[in-house]
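First up is the structure itself, then whatever we jot down about it.
The values are calculated or read from the model by the stated rules, or taken from the named source; none is laboratory data. Because the structure is predicted, anything quoted here is derived from the model rather than measured. In this analysis, Cβ positions are derived from the backbone assuming ideal geometry, glycine residues included, and neighbour counts consider all displayed protein chains. Quick note on the areas: whole protein, heavy atoms, side chains included, nothing else; ligands and nucleic acids left out. Shrake-Rupley method; radii C 1.70, N 1.55, O 1.52, S 1.80 Å.
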Amino acid sequence: MVHYKLVYFNARGLAEISRQLFHLAGVEYEDHRIEDQEFAELKPNLPTGQVPILYIDNVQFSQSTAIARYLARKFGFAGKNTEEELLADAIVDTFKDFIESFRKFVVGVLTGESEENMKKIREEVMRPAVKTYLTYLNKILENNKSGYLVGNELTWADLVVADNLTTLITAEFLDLKNEKTLGEFHRKILETEKLKEWLEKRPVTRF
Ligand SMILES: N[C@@H](CCC(=O)N[C@@H](CS)C(=O)NCC(=O)O)C(=O)O
């Protein structure tokens, strides 16, 4: 049997979608969560000096999106045909572009920007980016009508977007009371039986 080991910090961050995919597929893996000390020891031996890393029988693979896409394909969550795969990939890429616009905010937090500047970044950079991103998602959901973003079954794109919506709610960028379509989507994905089971049993996990 193949031995999978996923190495990352105790955060949702760049590993959570892969963890969800393993759980949804019912495939055993080692969910190895590291602290700073272990990371420092590992770093010189990692392909890019970064995590997450997926070990497949002791062979290392890097890059979170490549890992999640690989698991989605392997476990049947990538889309039912190449066009569905294309749309799922495009949604994930759009999410990555969107997240990039948050960099200024994160850098601001880390470098101790003044409250006034943080407010400016929040209002002038983040809010417009959130608006564009939510408009994009709403259009896809309204066209697709299945309640999923792609086709009529759960794909990894749904997992990526639902997890990110949770983050946006926590960061007070999104109030689903004002977003009917996205609210229904978020509820539907989080109520997926196996996902619900994972969300209830997963270790307490930071952002
Ligand atoms: N493009 C990479 C980025 C990986 C990345 O930024 N990993 C961070 C943790 S979220 C890391 O290892 N940071 C520690 C470091 O760079 O020393 C991916 O998606 O996997």
Worksheet entry | Å² per residue, accessible surface of the chain at 1.4 Å | 57
Worksheet, complete the sentence: With label points set 7 Å from each Cα along the Cα-to-Cβ direction at residue 34 and residue 175, the distance between them in nm comes to 4.2
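Among 111-121, 74-84, what's the highest-first ranking by average C-beta atoms within 10 angstrom per residue?
Numbers: 111-121: 11.3, 74-84: 15.4.
Result, highest mean Cβ count within 10 Å first: 74-84, 111-121.
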Item to complete: Mind checking which lysines have their Cα closer than 19 Å to the Cα of residue 194? Skip sequence neighbours fewer than 8 apart in that chain.
Response: 74
Practice prompt. In a Gaussian network model over the chain where Cα atoms closer than 10 Å are linked, find which of 27, 125, 107 has the largest mean-square fluctuation.
Written response: 107
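Quote the FRET efficiency, to the nearest 0.05, computed for residue 2 versus residue 117 with a Förster distance R0 of 35 Å and r equal to the Cβ-Cβ distance.
Values: r = 49 Å, r/R0 = 1.40.
That pair, residue 2 with residue 117, gives E of 0.10.
Report, in debye and to the nearest 20, how large the dipole of the range 82-192 comes out about its Cα centre when Lys and Arg carry +1 and Asp and Glu carry -1 on their Cβ.
Charge dipole, the range 82-192, about its Cα centre: 400 debye, nearest 20.
First check a/c for the range 1-120, with a ≥ b ≥ c the square roots of the eigenvalues of its C-alpha gyration tensor; if it is under 1.5, answer rounded, and if not, answer prolate when a/b is larger than b/c or oblate otherwise. Walk me through the numbers on the way to the answer.
Details: a/c = 2.51, a/b = 1.28, b/c = 1.96.
Taking the square roots of the gyration eigenvalues as a ≥ b ≥ c, the range 1-120 is oblate.
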Worksheet entry | Per-pair calculated FRET efficiency, R0 = 30 Å: residue 200 and residue 66 via Cβ, rounded to 0.05 | 0.55
Worksheet item: Which of 7, 18, 44 sits farthest toward the positive end of the charge dipole of the range 4-76, with +1 on the Cβ of Lys and Arg and -1 on the Cβ of Asp and Glu?
Response: 18
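With the cut-off at 1.5 for a/c, could you classify the chain from its C-alpha gyration tensor as rounded, prolate or oblate? Walk me through the numbers before you get to the answer.
Values: a/c = 1.81, a/b = 1.10, b/c = 1.64.
Taking the square roots of the gyration eigenvalues as a ≥ b ≥ c, the chain is oblate.
So, by mean Cβ neighbours within 10 angstrom, what's the order for 158-165, 133-140, 64-71 with the highest one leading? Before the final figure, lay out the partial values.
On the way: 158-165: 22.1, 133-140: 16.2, 64-71: 19.8.
The packing order, highest mean first, is 158-165, 64-71, 133-140.
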